[in-house]
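Asks: Below you'll find the structure I mean.
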Amino acid sequence: MLEVEAIHVGYGPLQVLWGVSVGVKEGEVVSVIGPNGAGKTTLIKTIVGLLRPRAPDGGRITFRGRRLDRLAPEEIVRQGIAVVPEGARVFPEMSVLDNLRMGALVPRARGRRAQTLAEVFALFPRLEERAGQPARTLSGGERQMLAVGRALMACPALLLLDEPSLGLQPTLVKAIMETIRRINERGITVLLIEQNVHFSLPMSHRAYVLEHGRIVLEGPGAELLRDPHVRVSYLGI
Amino acid sequence: MDQLAAFGQTVLNGLLQGGVYAAAAVGLSLIFGVSGILNAAHGELVMLGAFTTYWLFKLHGVDPLLTLPISFVLLFGLGYLLQFLVLNRTLGAPLLVSLLVTFGMSLVMVNTALRVWSADYRMMAVPYFDRSVYVGPLIVPLSRLTAFVIGLAMVGGLYWLLQRTELGRMIRATAQDWEMASLMGVNPRFVYAVTFGLGAATTGVAGSLVAFYTPVEPNMGLTYTLFAFSVVVLGGMGYIPGVVWGGFALGIAQAMTETYVEAGLSLLVAFFLLYLILRFMPAGIMGKGRVE
Ligand SMILES: Nc1ncnc2c1ncn2[C@@H]1O[C@H](COP(=O)(O)OP(=O)(O)OP(=O)(O)O)[C@@H](O)[C@H]1O
Ligand SMILES: [Mg+2]
């Protein structure tokens, strides 16, 4: 469904990703783990078009056979991709409800807005209680819920999540991972960046380890969880 | 009693003028709040709106009230194109760049207007605008009352559009985080163009309202740039409802000065208020300084 093929990406003279390839098949949960500064966020930003692969020969990104790496972000998301960015990035001065409405702007989601909104409220009842409040007044966990809800409002085929559990207490991490699993069961393909590997790897069909801008390991999630390198570096065992 | 009436009349004159100032300033606030552009050609949009109304009335006998939608549409188109073709190229550049570019635009507009229309002062003579409403000892000229009501209604309408419509949500979202807005499927360049269009359109209509009761001339823009800038700083940069309080504050301060100090100091009053605010309340009277 999504193929990232040997992309080279950087900021100005600084190159961050060195020939990274990642594939996600329809219906999968695929996770990417890696230490701080490895380039995980850079990977997500490149997929959604906020960053471009280095020209020329910076690699290519395709989604359902269509090339993404030359499209503008607003065109990429219209293909059916939604993102929960690092740090949630909800619109702070807009109400919770308006944030969710913003999620449903893409044509594929517009007609189903009322129905999707009911589904999102069923998934996160807290958001319904806070519907009229400005998003800046939400707690960190509620903001993450809002960012996930906003992404779901787009009725995406592929959901990208960049550390949705960042800064959350362990019980909330578990809850948000459980939510992601349920979202996937409803048929939404997931690419997940997540540091809490003992929650994320078991539910991942496949996973990649990204270090210093290169993929150093890949395999089924449960298998990677048993890998000695992963256990030492990411579980501290 | 006479003194009290004179005071009341002064406050009333200030309020009436202040409503029009709010209308003339709201576009500047909107454009700055959303796109981070300080539009140095702002007053020239007032001038173009004023001339639109003047010429439509003078040459084609169009009722001044009916010229308002025309002014709106023409200036919207001009604003949209200026942003889309020129200012979108300055996105991400320092404030100074857009300031210089819009200053260049203002020079082109003023000099074109001088060339085409000459430097003459022109005043519309609209029969039904010569009348006044009398409230006790107070005199309310119909032309100013009309301009006041329409000006404030327009500010309210813009606020409503921003808060309650899908386009408004797109504009606010882009103002707060344009990258995230683009990930919602919004084309920020389109939003910036529409925003400049709306800002120019409301400013043009404010110019049309000004033409109801003041003479029109190509150089009138600069004072309106300064007035609008003062109003926006008074109300809080980018905070839309703030222009109402900013407009009233400037209008009343000018009227007071005119009555009790000396006429012809309106520019000085604007500068003085600007100085006071920047010195003591940089976020504006209401303490808010961003688009919400
Ligand atoms: N805008 C930027 N300009 C310059 N360098 C950047 C920029 N953003 C990120 N970098 C650098 O790129 C590298 C990768 O950053 P990235 O945010 O992709 O890491 P990450 O894997 O998401 O890390 P974390 O787990 O901390 O979120 C880092 O060394 C970072 O300093
Ligand atoms: Mg990151």
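Asks: Restricting attention to the stretch A:73-82, which residues are open to solvent by 10 Å² or more (accessible area, probe 1.4 Å) and within 7 Å of chain B (Cβ to nearest Cβ)?
Replies: Result: A:PRO73, A:GLU74, A:ARG78.
Every residue, every condition in (1) away from chain A (no Cβ under 14 Å); (2) part of a helix (DSSP H, G or I); (3) modelled with pLDDT under 95; (4) open to solvent by less than 20 Å² (accessible area, probe 1.4 Å), yes or no:
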position: B:GLY168; (1), (2), (3), (4): no, yes, no, yes
position: B:ARG172; (1), (2), (3), (4): no, yes, no, yes
position: B:ALA200; (1), (2), (3), (4): yes, yes, no, yes
position: B:LEU234; (1), (2), (3), (4): yes, yes, yes, yes
position: B:MET256; (1), (2), (3), (4): yes, yes, yes, no
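Asks: Only one of these is more than 26 Å from A:ARG64 (Cα to Cα) and either open to solvent by 10 Å² or more (accessible area, probe 1.4 Å) or touching a helix residue (DSSP H, G or I) at 6+ places or on another chain (Cβ under 6 Å) (or both): A:ARG181, A:ARG150, A:ARG126, A:ARG186. Name it.
Replies: So the residue among A:ARG181, A:ARG150, A:ARG126, A:ARG186 that is more than 26 Å from A:ARG64 (Cα to Cα) and either open to solvent by 10 Å² or more (accessible area, probe 1.4 Å) or touching a helix residue (DSSP H, G or I) at 6+ places or on another chain (Cβ under 6 Å) (or both) is A:ARG126.
Asks: Quick check on the stretch A:157-172. Is at least one of its residues within 14 Å of chain B (Cβ to nearest Cβ), more than 16 Å from ligand 2 (Cβ to nearest atom), out of contact with any Lys or Arg (no Cβ under 6 Å at 6 or more places or on another chain) and touching a residue at least 24 places away in the same chain (Cβ under 8 Å)?
Replies: yes
Asks: Here's a follow-up. Return yes or no: is A:ALA6 of a type outside the set (S, T, N, Q), assigned by TED's automatic domain parsing to the domain that holds A:ARG181, on the phi > 0 side of the Ramachandran plot and more than 10 Å from ligand 1 (Cβ to nearest atom)?
Replies: Considered against the rule, which asks whether it is of a type outside the set (S, T, N, Q), assigned by TED's automatic domain parsing to the domain that holds A:ARG181, on the phi > 0 side of the Ramachandran plot and more than 10 Å from ligand 1 (Cβ to nearest atom), A:ALA6 comes out as yes.
Asks: Do you know which of the residues in the stretch A:189-203 that are assigned to a loop (DSSP other than H, G, I, E, B) and either open to solvent by less than 10 Å² (accessible area, probe 1.4 Å) or modelled with pLDDT of 95 or more (or both) is nearest to ligand 1 (Cβ to nearest atom)?
Replies: A:GLU194
Asks: A follow-up question, please. Out of A:ALA131, A:ALA118, A:ALA157, report the one residue that is farther than 16 Å from A:SER200 by Cα, surrounded by fewer than 21 Cβ atoms within 10 Å (Cβ to Cβ) and under 15 Å from the mean Cα position of the chain (by Cα).
Replies: A:ALA157
Asks: Oh, and also: In the stretch A:84-108, which residues are under 15 Å from the mean Cα position of the chain (by Cα) and either at positive phi or open to solvent by 10 Å² or more (accessible area, probe 1.4 Å) (or both)?
Replies: A:PRO85, A:GLU86, A:GLY87, A:ALA88, A:ARG89, A:VAL90
Asks: Now, a different point. For the list (1) assigned to a strand (DSSP E or B); (2) within 16 Å of ligand 1 (Cβ to nearest atom), I need the number of the one condition that A:ILE44 fails.
Replies: (1)
Asks: Further question on the same structure: When you scan the stretch B:129-154, how many residues do you find that are under 16 Å from the mean Cα position of the chain (by Cα), touching a residue at least 12 places away in the same chain (Cβ under 8 Å) and either surrounded by fewer than 17 Cβ atoms within 10 Å (Cβ to Cβ) or in a strand (DSSP E or B) (or both)?
Replies: Summing the residues that are under 16 Å from the mean Cα position of the chain (by Cα), touching a residue at least 12 places away in the same chain (Cβ under 8 Å) and either surrounded by fewer than 17 Cβ atoms within 10 Å (Cβ to Cβ) or in a strand (DSSP E or B) (or both) in the stretch B:129-154 gives 1.
Asks: Please verify whether the stretch B:258-273 includes one or more residues that are open to solvent by less than 10 Å² (accessible area, probe 1.4 Å) and away from every other protein chain (no Cβ under 14 Å).
Replies: Yes, the stretch B:258-273 contains a residue that is open to solvent by less than 10 Å² (accessible area, probe 1.4 Å) and away from every other protein chain (no Cβ under 14 Å).
Asks: Further question on the same structure: Scan the stretch A:46-72 residue by residue and report those that are of a type outside the set (D, E, K, R), surrounded by 18 or more Cβ atoms within 10 Å (Cβ to Cβ) and more than 14 Å from every other protein chain (Cβ to nearest Cβ).
Replies: Correct list: A:PRO53, A:GLY58, A:GLY59, A:ILE61, A:PHE63.
Asks: Hey, among the residues in the stretch B:155-166 that are in contact (Cβ under 8 Å) with a residue 60 or more places away in the chain and open to solvent by less than 40 Å² (accessible area, probe 1.4 Å), which one's farthest from the other protein chains (Cβ to nearest Cβ)?
Replies: The residue in question is B:VAL155.
Asks: While we're looking at this one, here's another question. Quick one: what pairs do we get from the stretch A:30-50, first residue under 22 Å from A:HIS198 (Cα atoms), second more than 9 Å from ligand 2 (Cβ to nearest atom) and charged (D, E, K, R), C-beta under 7 Å, 6+ apart or different chains?
Replies: That search, which allows pairs on different chains as well, returns A:VAL30/A:ARG206; A:SER31/A:GLU194; A:ILE33/A:GLU194; A:GLY34/A:GLU211; A:PRO35/A:GLU211; A:ALA38/A:GLU211.
The values are calculated or read from the model by the stated rules, or taken from the named source; none is laboratory data. Note that the structure is predicted; figures quoted are calculated from it, not measured. Because the Cβ atoms are built from the backbone with ideal geometry, glycine has one as well, and the counts that use them run over all protein chains shown. Heads up: the accessible areas ignore ligands, DNA and RNA and are worked out on the full protein's heavy atoms, side chains in. Shrake-Rupley method; radii C 1.70, N 1.55, O 1.52, S 1.80 Å.
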